[in-house]
Amino acid sequence: MKRTILIHPDPRLKKVCAPVADVTDDLRKLADDMLETMYDAPGIGLAAPQIGVLDRLIVLDCVKEENETPRPLVMFNPQVLASSDDTNVYEEGCLSIPDQYAEVTRPKTVEVEWLDRNGAVQRETFDGLWATCVQHEIDHLDGKLFIDYLKPLKRQMITRKMQKLKRERARA
Ligand code: K1U
Ligand code: ZN
């Protein structure tokens, strides 16, 4: 089932999410809903708070080419174990901040540990867009948005645009 994506500003996007105790059938269903919502948007990642669920769960698939095999990843309780000193700049977007993009500097590679949909521990080092995306999604679990890395004036400008968008959507 496709879920509604919250638009910034929303208090639920600023909350620190709670760890998942057990990977249950309900949580697997939630992860499937999130993947459906992400692919439909379309996006390359989605975090549970973006659909109003304050659990530490993210999904991502950074395979962009249509002729390549998709790689949907479901991560419960993802944690960055190590980050490179090397950094990478990427023009990020966010499904909760539609049509706004800005350059963000982050570690180029990150080693991440998480529980998969079977509750098994997984560990992998991500690079390139995967590294950017997994860091962006983990930030969502800590109530942090990519605009929080920008200068206050730019962040304020984007927030005002989103407030206007929400007013227009509420009227339609
Ligand atoms: O978390 C989100 O809101 C999803 C976001 C993830 C992300 C994008 C760029 C850098 C870091 C993290 C998106 O998916 S925005 C949409 C997007 O980037 C995209 C959409 C269609 C095709 C390719 C990319
Ligand atoms: Zn986002």
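The values are calculated or read from the model by the stated rules, or taken from the named source; none is laboratory data. What you see is a predicted model; the values in this text were computed from it and never measured. Positions of Cβ are generated from backbone atoms using ideal geometry, with glycine treated the same way; all protein chains shown enter the neighbour counts. The protein model used for the area step is the full one, side chains on, heavy atoms only, and it has no ligands, DNA or RNA in it. Shrake-Rupley method; radii C 1.70, N 1.55, O 1.52, S 1.80 Å.
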Mind counting the residues in the stretch 144-156 that are touching a residue at least 40 places away in the same chain (Cβ under 8 Å) and open to solvent by 10 Å² or more (accessible area, probe 1.4 Å)?
3
Cβ-Cβ under 8 Å pairs, at least 6 apart or on other chains, the stretch 157-171 side open to solvent by less than 100 Å² (accessible area, probe 1.4 Å), far side in a helix (DSSP H, G or I):
I158/I147; T159/I147
Only one of Q100, Q156, Q79 is more than 13 Å from the chain's Cα centre (by Cα) and under 29 Å from D25 (Cβ atoms); which?
Q79
Residue count for the stretch 119-163, restricted to those that are more than 16 Å from ligand 1 (Cβ to nearest atom), of a type in the set (A, V, I, L, M, F, W, C) and not in a helix (DSSP H, G or I)
2
Pairs only if they're at least six apart or on different chains, beta carbon under 8 angstrom, first in the stretch 1-15 and farther than 16 Å from E36 by Cα, second of a type in the set (D, E, K, R) and open to solvent by 40 Å² or more (accessible area, probe 1.4 Å); list them, first residue then second.
I7/K166; I7/R169
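Residues being of a type outside the set (D, E), exposed (fewer than 14 other Cβ atoms within 10 Å of the Cβ) and within 25 Å of T37 (Cα to Cα): count how many of those fall in the stretch 80-120.
Going through the stretch 80-120 one residue at a time, the tally reaches 4.
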Restricting the stretch 82-97 to residues that are among the aliphatic types (A, V, I, L, M) and either closer than 23 Å to R56 by Cα or at pLDDT below 95 (or both), which is nearest to the chain's Cα centre (by Cα)?
L95
All but one of (1) out of contact with any Lys or Arg (no Cβ under 8 Å at 6 or more places or on another chain); (2) open to solvent by less than 60 Å² (accessible area, probe 1.4 Å); (3) hydroxyl-bearing (S, T, Y) hold for Y39; state the number of the condition that does not hold.
(2)
Please count how many residues of the stretch 86-121 are without any contact (Cβ under 8 Å) to a residue 12 or more places away in the chain and more than 16 Å from ligand 2 (Cβ to nearest atom).
2
